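Heads up, the thing below is written out as structure tokens.
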Amino acid sequence: MISTLLIVVVILAIAFDYINGFHDAANSIATVVSTKVLTPFMAVLWAAIWNFAAYFYFTDHKVANTIAKTVLEEYITLEVIFAGLVAAISWNLFTWYYGVPSSSSHTLIGGFAGSGMAYAWFMGANPITAINHSAIVTIAAFIVLAPVIGMIISVIITLIIMNIAKTARPATAEKWFKVGQLISSAGLSFAHGGNDAQKVMGIIATALIAEQVIPNFEAMPAWVPLSCYAAIAAGTMSGGWKIVKTMGTKITKVTPLEGVAAETAGAATLGITEHFGIPVSTTHTITGSIIGVGVVKRVSAVRWGVTISLLWAWILTIPVSAILGGITLAIIHFIL
């Protein structure tokens, strides 16, 4: 029999996916809005369509499998998953309210890991033994590696485009770059949907396994990925204009040429990491890509003060979410 708590956990997970959509909408539409290639409404509609289109392509669910294994099976209960989701939603809404482009992926991982560690402690075990150390180390490493990879790829793409277009008439080049931005923003939204929707799929599958509704990850029912992709697309449709402003204008002024380079680099980085099942932050990736196009102009073109502030948010997201997850689990433990 399906418990009430399981239903609540699934609803919370889908709600987190929706919040993830509007929290991370800026990642794929910031540059295309700031360069006025699309109006804000058309940009979010364009991004949402490609978010959902990823459902038909990303069928291996490697990232979802990695998320599901963040906490070891013996320390996973519905209460642990519930506490992790509450922590992740809380941090996501807090950072969205203040316009800070933090990682939805990392807050989910941090909240889940923190509640799992708290559960282990209440069970009399060493909290550190509750988490999959290799998965956590890999995820933590890509806090640095994802934006660096995005930055390097964007620098290379920018230089290639500049070299190819150096003899073109400025008006003609501008026209083609704007068309290119439509394609590159679609690619980034597609990769964003494929990467981020899977994280919630992993959480829901874990809850279903914990309640013995399904025997293993491979038996995940079809409604799980479908609902996750639909939720993140719906969230993207809701926008996230405070973060759009930070991503599209505050880091560096972005031209259509640079928008193409940054979005293409971001999509390529997400595609590579998804192939290897590494859950990375779309936010970190596109930020690194935008920095890359700024550096090509000149180092001073990047507003490093804003970038350093973002870096602190990135560093704090996992530990703060873990603490919130642990506190939420503790409250549940003492109430029940």
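The values are calculated or read from the model by the stated rules, or taken from the named source; none is laboratory data. This one's a predicted model, so the numbers in the text were calculated from it and none came from an experiment. Reconstructed Cβ throughout: ideal geometry from the backbone, glycine too, with neighbour counts over all protein chains shown. Only protein heavy atoms, including side chains, enter the accessible area calculation; ligands, DNA and RNA are left aside. Shrake-Rupley method; radii C 1.70, N 1.55, O 1.52, S 1.80 Å.
Residue-by-condition table, conditions (1) loosely packed, with under 15 Cβ neighbours inside 10 Å; (2) under 20 Å from the mean Cα position of the chain (by Cα); (3) at pLDDT below 85:
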| position | (1), (2), (3) |
| --- | --- |
| Ala87 | no, yes, no |
| Val100 | no, yes, yes |
| Ile109 | no, yes, no |
| Gly116 | no, no, no |
| Ala130 | no, no, no |
| Ala135 | no, yes, yes |
| Val148 | no, yes, no |
| Met151 | no, yes, no |
| Lys166 | yes, no, yes |
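List pairs: first residue in the stretch 150-164 and closer than 16 Å to Thr255 by Cβ, second residue open to solvent by less than 90 Å² (accessible area, probe 1.4 Å) and polar (S, T, N, Q) anywhere in the structure, Cβ distance under 7 angstrom, at least six positions apart or on different chains.
Final answer for the pair search is Ser154/Ser289; Ile157/Thr264.
Just the residues that are touching a Pro at 6+ places or on another chain (Cβ under 6 Å) and within 30 Å of Gly277 (Cβ to Cβ), please, taken from the stretch 140-185.
Selection gives Gln181 alone.
Scan the stretch 118-128 residue by residue and report those that are open to solvent by 60 Å² or more (accessible area, probe 1.4 Å) and in contact with an Asp or Glu (Cβ under 8 Å, 6 or more places away or on another chain).
Residues satisfying the conditions do not exist here.
Results for (1) modelled with pLDDT of 80 or more; (2) open to solvent by 10 Å² or more (accessible area, probe 1.4 Å); (3) farther than 22 Å from Gly193 by Cβ; (4) aliphatic (A, V, I, L, M), shown as yes or no for each residue.
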| site | (1), (2), (3), (4) |
| --- | --- |
| Val244 | no, yes, no, yes |
| Met247 | no, no, no, yes |
| Ile251 | no, no, yes, yes |
| Thr255 | no, yes, yes, no |
| Ala262 | yes, no, no, yes |
| Ala265 | yes, no, no, yes |
| Ala268 | yes, yes, no, yes |
| Phe276 | yes, yes, no, no |
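Could you tell me whether Trp96 is open to solvent by 10 Å² or more (accessible area, probe 1.4 Å) and under 14 Å from the mean Cα position of the chain (by Cα)?
Yes: the conditions hold for Trp96.
What are the pairs, 6+ residues apart or on separate chains, where a residue within the stretch 206-221 that is at negative phi has its Cβ under 8 Å from a residue that is part of a helix (DSSP H, G or I) and of a type in the set (Phe, Trp, Tyr)?
Final answer for the pair search is Ile209/Phe217.
What pairs can you find where one residue is in the stretch 52-68 and closer than 17 Å to Ile131 by Cβ, the other is outside any loop (DSSP other than H, G, I, E, B) and polar (S, T, N, Q), and their Cβ atoms are less than 9 Å apart, with a gap of 6+ or different chains?
Listed by first residue and then by second, the contacts come to Asn65/Gln198; Thr66/Thr138; Thr66/Gln198; Ile67/Ser105; Ile67/Gln198; Ile67/Thr206; Ala68/Thr206.
What do you reckon, is Phe56 at pLDDT below 85 and either in contact with a His (Cβ under 8 Å, 6 or more places away or on another chain) or open to solvent by 30 Å² or more (accessible area, probe 1.4 Å) (or both)?
Spelling it out, it is not the case that Phe56 is at pLDDT below 85 and either in contact with a His (Cβ under 8 Å, 6 or more places away or on another chain) or open to solvent by 30 Å² or more (accessible area, probe 1.4 Å) (or both).
Looking at the stretch 190-206, can you tell me whether even one residue there is open to solvent by less than 10 Å² (accessible area, probe 1.4 Å) and within 18 Å of Leu257 (Cα to Cα)?
no
Does the stretch 112-126 contain any residue that is over 14 Å from Pro279 (Cβ atoms), of a type outside the set (Lys, Arg), touching a strand residue (DSSP E or B) at 6+ places or on another chain (Cβ under 7 Å) and in contact (Cβ under 8 Å) with a residue 12 or more places away in the chain?
yes
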